[in-house]
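Working notes for the structure below.
The values are calculated or read from the model by the stated rules, or taken from the named source; none is laboratory data. Here the structure is a predicted model, which means the values were calculated and not measured. Glycine also receives a Cβ, built like all others from the backbone with ideal geometry; neighbour counts cover every protein chain displayed. When the accessible area is computed, the model is the full protein with side chains, heavy atoms only, and any ligands, DNA or RNA have been set aside. Shrake-Rupley method; radii C 1.70, N 1.55, O 1.52, S 1.80 Å.
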Amino acid sequence: MADLRLIYGFHAVTSRIRQNPEGVMEVYFQAQRQDPRMRDLIKLAADSNVRMIPIEAARLDGMAGGARHQGIAARVDAARRVQHLSDVLETLTEPPLILVLDGVQDPHNLGACLRSADAFGVHAVIAPKDRAVGITATVEKVACGAAETVPYITVTNLARTLRELQEHDVWVVGTAGEATQDLHQFKHTGGLAWVLGAEGEGLRRLTRETCDELVRIPMLGSVESLNVSVSAGICLFESRRQRAAV
């Protein structure tokens with residue numbers, strides 16, 4: 001059964017057509033806009049047998065709820081996604097690199113996390129079904145296409161999923177400001193899952209207790225913590241740096 005919703009912006013729509021044209025029901029574009037970027041997207045849609053519908057700017061504004069749509073929106077089937085962690089783990093040819101987000105509720109933060117996940121070759125992003133934002137049109141736009149390239153898996157019991165990762169020889173590492181070990185000291189090039197907490201709250205108690213160890217990002221300035229997407233980028237970069245050095 002289809003789960004239809006709207007995405008908007010050139011990056012999100014272009015990426016969805018390239019990655020999964022069968023899941024794009026129709027694309028709406030601002031009829032008055034005929035610049036090269038729009039013409040390229042119209043050609044891509046035509047080559048992919050995706051229906052294009054020209055509409056007025058005012059109607060597009062209403063569909064996007066006032067968000068910056070760049071003159072383009074698409075109705076897509078959100079159900080066409082990787083559903084299970086095993087679907088990812090069973091296909092890998094290198095040690096897993098997983099990003100786990102424990103209750104991120106800001107769509108801009110989730111979109112930025114997905115973008116970092118794509119940049120550093122993360123195999124999947126895992127998040128709880130409850131107390132988390134999920135993939136929305138805002139997330140898709142901020143992610144600049146990464147919502148289509150990185151499997152986003154929602155689970156009902158995050159602690160149980162972390163234990164499942166551990167059973168697959170994935171080392172589960174949480175980030176916490178009070179951890180005694182910092183990122184410079186942490187060394188691991190095998191299967192790894194970074195676990196980051198929600199904005200302001202950090203990791204929940206059960207999540208923290210399920211981690212194999214905790215690591216902190218060393219802070220030299222006056223701020224006490226980093227945005228979760230910035231933290232994700234730092235940790236993922238360090239993991240890829242360590243793997244490349246082996």
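Key figures
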| read-out | value |
| --- | --- |
| Ala127 being surrounded by fewer than 24 Cβ atoms within 10 Å (Cβ to Cβ), modelled with pLDDT of 85 or more, among the hydrophobic types (A, V, I, L, M, F, W, C) and not in a loop (DSSP other than H, G, I, E, B) | no |
| Qualifying residue in the stretch 181-190 (condition: in contact (Cβ under 8 Å) with a residue 12 or more places away in the chain, part of a strand (DSSP E or B) and among the β-branched types (Val, Ile, Thr)) | no |
| Selected residue (criterion: farthest from Arg163 (Cα to Cα)) from residues of the stretch 88-118 that are assigned to a helix (DSSP H, G or I) and open to solvent by 50 Å² or more (accessible area, probe 1.4 Å) | His108 |
| Any chance Gly121 is at positive phi, open to solvent by 10 Å² or more (accessible area, probe 1.4 Å) and within 19 Å of the chain's Cα centre (by Cα) | yes |
| Hits in the stretch 195-224 (condition: part of a loop (DSSP other than H, G, I, E, B), without any contact (Cβ under 8 Å) to a residue 60 or more places away in the chain and crowded, with 16+ Cβ neighbours inside 10 Å) | Cys211, Asp212, Ile217 |
| Top-ranked residue in the stretch 225-246 [being assigned to a loop (DSSP other than H, G, I, E, B) and under 19 Å from Gly177 (Cβ atoms); ranked as modelled with the highest pLDDT] | Asn227 |
| Residue within the stretch 76-83 that is touching a Phe, Trp or Tyr at 6+ places or on another chain (Cβ under 8 Å), at pLDDT below 85 and surrounded by fewer than 20 Cβ atoms within 10 Å (Cβ to Cβ) present | yes |
